[in-house]
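The values are calculated or read from the model by the stated rules, or taken from the named source; none is laboratory data. Since the structure is predicted, the reported quantities are computational estimates derived from the model, not experimental observations. Quick reminder, even Gly has a Cβ in these numbers, built from the backbone with ideal geometry, and neighbours come from all protein chains shown. Areas reflect the complete protein model, heavy atoms only, side chains present, ligands, DNA and RNA absent. Shrake-Rupley method; radii C 1.70, N 1.55, O 1.52, S 1.80 Å.
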Amino acid sequence: MGKMTNWQELEHKYLMHTVERIPLTLVRGEGAQVWDEDGREYLDFVGGWAVNSLGHCHPVVAEAVTEQAHTLIQTSNQFYTIPQLQLAELLVQNSCLDKVFFSNSGAEANEGAVKLARRYGKRYLGEAYEVITTMGSFHGRTLAMVAASGQAKFQQPYLPLPSGFINVEHNNIEAIKTATTNQTCAVMLEPVQGEGGVTLPDDDYLRAVRAWCDQKGILLILDEIQTGIGRTGTLFAYEQYGIEPDIMTLAKGMASGVPIGAILAKEEASVFTPGEHGSTFGGNPLACAAGYATLKFVINHDIAGNAKRVGEHLTKGLENLKQKFQFITEVRGRGLLVAMEFSSDIAQSIVMACLDRGLLVNRVKPNALRFMPPLVIDYKEVDEALGILDKALSDITPKGVI
Ligand SMILES: Cc1ncc(COP(=O)(O)O)c(C=O)c1O
């Protein structure tokens with residue numbers, strides 16, 4: 001195997017420059033650990049961007065994928081395949097939704113959810129098609145989802161964007177009310193904004209949005225692509241807010257790293273008819289076998305409960321660091337989706353200081369880190385990460401950061 005620098009040269013030569021990579025080539029993973037090409041071990045608190053719910057290469061996922069790869073990898077969706085049906089049944093039995101459509105990614109699930117809402121609008125709401133979303137949200141990279149995501153940095157390079165999306169202030173029910181017209185078919189929200197910096201709404205916000213959607217007869221779409229499958233301490237984040245969505249999207253943690261996404265809908269909102277939506281790979285037996293193995297394990301072993309307990313331990317530890325370092329201004333999150341914010345743009349230097357000491361963390365904003373380790377992580381691993389972070393924060397303190 002080549003040395004790290006060779007891989008970086010290949011990246012520079014052959015890949016489109018869409019991401020500023022960290023100079024680290026990962027070759028193996030197990031649980032919450034990953035190894036680079038030189039055999040150096042790292043504790044992974046990035047978790048594939050909140051994807052490796054059962055950690056790296058969990059045996060139940062690896063075995064399910066291996067067995068399925070030797071059995072049936074792909075058919076067209078004109079045929080019934082068993083893993084897809086098993087996973088759909090498990091999702092429905094463990095959520096408030098009734099019907100499932102499988103996609104290959106989060107953005108694609110959200111696209112489908114918006115199509116579903118528009119279909120509903122055409123049928124029941126006088127052809128209403130607009131979707132209200134919030135500033136700071138992130139719903140994916142397709143053109144329509146860039147329009148849905150209320151962040152100028154994703155939108156500006158691609159103007160003009162598809163119409164039909166209204167971005168309003170986050171955590172402000174009056175802003176949603178003001179933006180609602182007879183063209184509105186849905187409101188789409190993340191229960192906790194993930195990419196936006198782990199932004200939590202007020203406790204009563206989602207309930208107020210739900211009540212408004214009911215009053216106007218419009219749909220509530222919850223994007224649980226990052227928050228779903230136990231990440232925030234319950235199987236789905238909506239459970240913590242005492243509401244139910246009409247449509248929910250999932251992806252990321254659903255198959256522990258194998259690409260998959262899903263749209264779930266209540267019976268009344270499940271208005272697609274044959275031919276109106278589809279996917280070649282969506283619901284593919286290989287991805288669904290990984291999803292089924294993951295979800296069964298998450299449910300049977302109360303992995304969401306682990307995320308809650310260990311997440312509280314992590315948050316407490318980060319709060320302790322906040323007491324110690326004046327330049328930490330806030331610690332916030334739910335379960336194992338937690339952010340630490342600073343008084344200045346030092347997140348990248350902390351990422352690099354942690355990397356030097358064997359811990360991978362994510363810079364979610366120039367002044368904030370995000371922690372999203374595997375949901376199977378234990379207290380000891382969290383303590384180890386906190387110890388490394390403490391040293392990394394001490395490293396940068398003398399450089400005049402206050
Ligand atoms: C809340 C949310 N929605 C949608 C997406 C897009 O998912 P994907 O990258 O799988 O298209 C993401 C990805 O970060 C996300 O966090």
With label points set 7 Å from each Cα along the Cα-to-Cβ direction at E312 and R141, the distance between them in nm comes to 3.8 nm
Shape call for the stretch 89-164, from the Cα gyration tensor axes a ≥ b ≥ c (a/c under 1.5 means rounded, otherwise prolate when a/b beats b/c, else oblate), comes out oblate
Bounding extents of the chain in its principal axis frame from Cα atoms, largest first in Å, are 62, 53, 44
Sites removed, the longest contiguous part of the chain containing no DSSP-loop GluC sites (Glu not before Pro) with at most 13 other Cβ within 10 Å is 128-275
Within the chain, the percent of DSSP beta bridges that are antiparallel, given to the nearest 5, stands at 65 percent
Contact order relative to length for the stretch 153-253, counting C-alpha pairs under 8 Å separated by 6 or more residues, stands in percent at 24 percent
For the chain, averaging the sequence separation of alpha carbon pairs under 8 Å that lie six or more residues apart and dividing by its residue count, the contact order in percent is 21 percent
Whole-number value, in Å³ per residue, for the convex hull of the alpha carbons of the stretch 12-162 is 207 Å³
Averaged per residue, the 1.4 Å probe accessible area of the chain, protein heavy atoms only, in Å², is roughly 45 Å²
Magnitude of the Cβ-charge dipole (Lys and Arg +1, Asp and Glu -1) of the chain about the Cα centre, nearest 20 debye, reported as 460 debye
Counting Lys and Arg as +1 and Asp and Glu as -1 over every other residue whose Cβ sits under 11 Å from the Cβ of G242, the net charge comes to -2
Rounded to the nearest 10 Å², the accessible area of T178 using a 1.4 Å probe with every protein chain kept is 110 Å²
If each K or R counts +1 and each D or E counts -1, the residues other than D223 whose Cβ falls under 12 Å of its Cβ total -3
Dimensionless Rg/Rh of the stretch 308-380, both radii on Cα and Rh by Kirkwood, sits at 0.94
Rounded to a whole %, the carbon-and-sulfur portion of the accessible area of the stretch 252-402 at a 1.4 Å probe is 52 percent
Taking alpha-carbon centroids only, the stretch 129-163 lies from the stretch 323-374 a number of Å equal to 26 Å
Residue-normalised 222 nm signal for the chain, counting each DSSP H run of n ≥ 4 as -39,500 (n - 2.57), nearest 500 deg cm²/dmol, is -11500 deg cm²/dmol
When the chain is treated as a Gaussian network with springs between alpha carbons less than 10 Å apart, the largest mean-square fluctuation among L206, L375, L159 is found at L159
Checked the stretch 129-242 against the a/c 1.5 cut and the a/b vs b/c comparison, axes a ≥ b ≥ c from its Cα gyration tensor; verdict oblate
Dividing the surface of the Cα convex hull of the stretch 164-315 by four yields a projected area in nm² of 10.4 nm²
Low-density loop chymotrypsin sites (Phe, Trp or Tyr not before Pro), the stretch 1-100, at most 16 other Cβ within 10 Å, DSSP non-H/G/I/E/B, are F79, Y80
The stretch 187-250 and the stretch 28-42 have their Cα centres apart by a whole-number Å value of 34 Å
A 1.4 Å probe over the protein heavy atoms gives the stretch 83-228 a carbon and sulfur accessible-area percentage of 49 percent
The helix 106-124 Cα axis meets the longest alpha-carbon principal axis of the chain at an angle in degrees, between 0 and 90 and rounded to 10, of 20 degrees
Length-normalised contact order of the stretch 1-155, Cα under 8 Å, at least 6 apart, in percent, tallies to 10 percent
By the C-alpha gyration tensor axes a ≥ b ≥ c (rounded if a/c is under 1.5, else prolate when a/b exceeds b/c, else oblate), the shape of the stretch 154-206 is oblate
